[in-house]
Amino acid sequence: MKTTTDLPDVQPRPGSTSTSSGRTLGRKWWQRPWIAPLAILSIIFVAFSLPPYLSLNPERSRVPPPDDFAAYYPFLVVHVLFGAVALLTTWLQVWPWFRQRHPVAHRRIGRVYVFGGVLPAGLTGLVIGVFTPFGPVARMSTVLLSLLWLGFTVIGYQRARQRWYVEHRRWMIRSFALTASIITNRFWGVIAYLVLSPHLETTFEGSEKMLSWTIAGLSTWLGWVVPLLIAEWWLERGESARHGARLPATMGRHSMGPA
């Protein structure tokens, strides 16, 4: 007698192909046009951001260290290094074709993402967030982001260990949104600078410090809140919701698809 644990994790879609075990392979890799741009963007971002910190020279840091915390730069270097690992591995983890065709590699890279990326980057992010030189608004944002990033990732990992793979994917999509926020943060920073810098002498009364704090506050909050809201919208209304609607409630918790 077949139980729910014998059922495939994904119900076949029209036009999809299936393996001999009944697991759908879904769309071909080239039918996910967002994967290649995401991978290229991640690689370019890391190639631009990482080298100054590989030198271990504080003078090359793009973030000015605070006066009251001498260990800020070492924590920043560790955060950047492990954050790069998380960013470079996350696009493979959210690629359905790769996950379905290479489940063993998906699991192994997932462990690298969690233990060699998010956990050390998130923990050091808490420290550099508390001592950030960019003011209290950015401080609150960075600390909250780090806590959510750690929380979402740990829950997602636990769901995979429990074989609740549908829930695992949902939490990891949230984790991915926060991982990608390091890129969108820079995007909002540029926009905030272009909009606010002409008002340096008026609104900010010539204070470059207040201008930089305002830009940092806006970019840090928008950098992760907007991607997370988009992820939640996609989970509730997009492809993931349509996929979940095909699965019985018990199957969503006990399916045996790839982690």
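The values are calculated or read from the model by the stated rules, or taken from the named source; none is laboratory data. Bear in mind that the values here come from a model prediction, so they are computed numbers and not experimental data. A quick note on method: Cβ atoms are made from the backbone with ideal geometry, for glycine too, and the neighbour counts reach across all protein chains shown. Just the protein is used for accessible areas: all its heavy atoms, side chains included, with ligands, DNA and RNA removed. Shrake-Rupley method; radii C 1.70, N 1.55, O 1.52, S 1.80 Å.
Go through ALA70, ALA36, ALA47 for me and flag whichever is open to solvent by 40 Å² or more (accessible area, probe 1.4 Å), hydrophobic (A, V, I, L, M, F, W, C) and not in a helix (DSSP H, G or I).
ALA70
Go through the stretch 99-127 residue by residue and tally those that are more than 18 Å from the chain's Cα centre (by Cα) and in contact (Cβ under 8 Å) with a residue 24 or more places away in the chain.
Of the residues in that region, 4 qualify.
Identify all residues within the stretch 171-213 that are touching a residue at least 40 places away in the same chain (Cβ under 8 Å) and over 23 Å from VAL46 (Cα atoms); write none if there are none.
Within the stretch 171-213, SER212, TRP213 meet the criteria.
Only one of (1) at pLDDT below 95; (2) surrounded by 13 or more Cβ atoms within 10 Å (Cβ to Cβ); (3) more than 27 Å from ARG101 (Cβ to Cβ) is not met by ALA231, so which one is it?
Only one criterion in (1) at pLDDT below 95; (2) surrounded by 13 or more Cβ atoms within 10 Å (Cβ to Cβ); (3) more than 27 Å from ARG101 (Cβ to Cβ) is unmet by ALA231, namely (3).
Within the stretch 196-228, take every residue that is open to solvent by 40 Å² or more (accessible area, probe 1.4 Å) and assigned to a loop (DSSP other than H, G, I, E, B) and give me the one that is nearest to LEU144 (Cα to Cα).
Checking each candidate, the answer is THR203.
Restricting attention to helices (runs of 4 or more DSSP H) lying wholly within the stretch 90-195, give those where 3 or more residues are open to solvent by 70 Å² or more (accessible area, probe 1.4 Å) and over 19 Å from VAL226 (Cβ atoms).
Ranges flagged: 103-113, 135-161.
Give me a count of the residues in the stretch 57-67 that are part of a helix (DSSP H, G or I) and surrounded by 12 or more Cβ atoms within 10 Å (Cβ to Cβ).
1
Just name the residue that is most open to solvent (accessible area, probe 1.4 Å) out of those in the stretch 73-89 that are touching a Pro at 6+ places or on another chain (Cβ under 7 Å) and of a type outside the set (A, V, I, L, M).
Selected residue: PHE82.
So VAL63 ticks every box in (1) free of Cβ contacts under 8 Å to residues at least 40 places away in the same chain; (2) under 23 Å from LEU119 (Cα atoms); (3) of a type in the set (Val, Ile, Thr) but one. Which box is left unticked?
Here VAL63 clears every test but (1).
May I ask you to verify whether ALA216 is more than 24 Å from GLY135 (Cα to Cα), among the aliphatic types (A, V, I, L, M) and more than 17 Å from the chain's Cα centre (by Cα)?
no
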